[in-house]
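*Asks:* Here you go, one structure.
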Amino acid sequence: MKKRVALVTGGSGGIGSVIAETLHSQGIIIALQYSHNKEKAEKIKNGKENIHLFQYDFQATDASLVDSVVKQLGSIDYLINCAGIMAEQSIFDMDSKAFDELFNINTRMPYLLSAKAFEYMKEQNYGRIINISSFVVKYGMGRLQSIQYAGSKAALESLTTGLSRLGAEHNILVNTIRPGIINTSMQKDREGLKNRINMIPVKRMGEPHEIADIVKFLCSKKGDFITGQTITIGGGEG
Ligand SMILES: NC(=O)c1ccc[n+]([C@@H]2O[C@H](COP(=O)([O-])OP(=O)(O)OC[C@H]3O[C@@H](n4cnc5c(N)ncnc54)[C@H](OP(=O)(O)O)[C@@H]3O)[C@@H](O)[C@H]2O)c1
């Protein structure tokens, strides 16, 4: 039987790299997208035959990344939309350039990639799309700069709802994962991190593998009856 292929965006990041390694351990061929961090991407590949690196900056305006993956690896069976950035300025200080950058990465490209992947998945009557959102969508904000970040992720969740309705009859299942505070570089330099962790009911950050394990579940046969759902992994928050 032909091996399945997963495109993991943000595969050079704290969460995406562990998702890529976890799916790879299940015998899935990985297309690992990175943007600036080639060194980290190469470290994850580390000579492994079935991890393929794709450099792609989400400021691009087309989804040719999906075509490249299908051309090189033969299909796209799983799309894990994990690349994402936090806004750097408060909503009151941000300019439209920063707004565009945030939405291009967190929202626009996942829409373009998902639409393109959907066409291929429909042809083969099989596909799984998982959108990595954030628990901040529930609150609308945490810090001042997370208002627009929450907006970019709320739009991503709307993609889950729409595509899950459209995809069900074609065996294309689409779900959202909402991580809480996860131990990656996105949180590392955060001011007042210790106090923030103390507000989490379980009193610790989540670890990337705790997100990756749910992705693995949704990509396995165990997830075959789950679509259009939002799964929060937040240690009691969200
Ligand atoms: N960590 C958390 O607490 C947390 C909580 C809730 C949700 N999330 C979400 O989880 C996802 C992963 O977060 P993380 O903590 O793993 O963050 P991370 O370690 O900072 O990784 C971010 C990823 O996004 C990629 N990226 C950044 N700019 C890009 C661009 N212009 N074009 C294409 N890719 C770009 C990065 O690639 P390069 O490094 O190669 O440029 C990297 O692979 C994000 O969507 C984030 O919003 C994280």
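The values are calculated or read from the model by the stated rules, or taken from the named source; none is laboratory data. Note that this is a predicted model, so its numbers are computed, not measured. Neighbour counts are summed over all protein chains in view; Cβ atoms, including those assigned to glycine, are modelled from backbone coordinates with ideal geometry.
*Asks:* Inside the stretch 71-109, can you point out the residues that are of a type in the set (A, V, I, L, M, F, W, C), under 24 Å from LYS188 (Cβ atoms) and assigned to a loop (DSSP other than H, G, I, E, B)?
*Replies:* CYS82, ALA83, ILE85, MET86, ALA87, ILE91, MET94
*Asks:* I'm trying to understand the selection: among the residues of the stretch 43-77, which are touching a strand residue (DSSP E or B) at 6+ places or on another chain (Cβ under 7 Å), within 16 Å of the ligand (Cβ to nearest atom) and more than 21 Å from TYR111 (Cβ to Cβ)?
*Replies:* The answer is ILE44, LYS45, ILE51, HIS52, LEU53.
*Asks:* Right, next: Pull up the stretch 193-238, narrow it to residues that are part of a helix (DSSP H, G or I) and of a type in the set (Gly, Ala, Ser), then point me to the one that is nearest to the ligand (Cβ to nearest atom). Steps first, answer last, please.
*Replies:* First, the residues of the stretch 193-238 that are part of a helix (DSSP H, G or I): 193-198, 208-219, 221-223.
Then drop every residue that is not of a type in the set (Gly, Ala, Ser), which leaves 212, 223.
On the way: ALA212: 11, GLY223: 19 Å.
The qualifying residue nearest to the ligand (Cβ to nearest atom) is ALA212.
*Asks:* What are the residues in the stretch 123-135 that are away from the ligand (no atom under 16 Å from the Cβ) and closer than 15 Å to THR9 by Cβ, if any? Explain how you work it out, then say what you get.
*Replies:* Of the residues in the stretch 123-135, the ones away from the ligand (no atom under 16 Å from the Cβ) are 123-128.
ARG128 - this is the single residue of the stretch 123-135 that is away from the ligand (no atom under 16 Å from the Cβ) and closer than 15 Å to THR9 by Cβ.
*Asks:* Would you confirm, using the coordinates I've provided, whether GLY16 is touching a Gly at 6+ places or on another chain (Cβ under 7 Å), modelled with pLDDT of 95 or more, at positive phi and within 8 Å of the ligand (Cβ to nearest atom)?
*Replies:* Working: touching a Gly at 6+ places or on another chain (Cβ under 7 Å): yes; modelled with pLDDT of 95 or more: yes; at positive phi: no; within 8 Å of the ligand (Cβ to nearest atom): yes.
Answer is no for this residue.
*Asks:* Of all residues in the stretch 19-42, which are within 14 Å of ASP213 (Cβ to Cβ) and either within 12 Å of the ligand (Cβ to nearest atom) or of a type in the set (D, E, K, R) (or both)?
*Replies:* Hits for the stretch 19-42 are ILE19, ALA20, GLU21.
*Asks:* Within the set of pairs 6 or more residues apart or between chains, which connect a residue that is under 20 Å from ILE130 (Cβ atoms) and of a type outside the set (Phe, Trp, Tyr) inside the stretch 98-114 to a residue that is within 10 Å of the ligand (Cβ to nearest atom) and in a helix (DSSP H, G or I) with Cβ atoms less than 6 Å apart?
*Replies:* ASN106/SER152; THR107/SER152; THR107/LEU156; PRO110/LEU156
*Asks:* Restricting to the stretch 87-117, what's the tally of residues that are within 10 Å of the ligand (Cβ to nearest atom) and modelled with pLDDT under 95?
*Replies:* Adding up the residues that qualify gives 0.
*Asks:* From the list LEU53, LEU73, LEU79, exactly one residue is under 29 Å from ALA150 (Cβ atoms) and of a type in the set (A, V, I, L, M). Which is it?
*Replies:* One residue alone meets the criteria, LEU79.
*Asks:* Regarding TYR120, is this residue away from the ligand (no atom under 14 Å from the Cβ), touching an Asp or Glu at 6+ places or on another chain (Cβ under 7 Å) and closer than 23 Å to PHE225 by Cβ? Spell out the reasoning first.
*Replies:* On the way: away from the ligand (no atom under 14 Å from the Cβ): yes; touching an Asp or Glu at 6+ places or on another chain (Cβ under 7 Å): no; closer than 23 Å to PHE225 by Cβ: yes.
Answer is no for this residue.
*Asks:* What number of residues within the stretch 153-171 are in contact (Cβ under 8 Å) with a residue 60 or more places away in the chain and polar (S, T, N, Q)?
*Replies:* Qualifying residue count, the stretch 153-171: 3.
*Asks:* Now, a different point. How about the stretch 1-36: which of its residues are touching a residue at least 60 places away in the same chain (Cβ under 8 Å) and part of a strand (DSSP E or B)? Break it down into steps so the answer makes sense when it comes.
*Replies:* Filtering the stretch 1-36 down to residues touching a residue at least 60 places away in the same chain (Cβ under 8 Å) leaves 2, 4-11, 13-19, 21-23, 26, 28.
Matches in the stretch 1-36: VAL5, ALA6, LEU7, VAL8.
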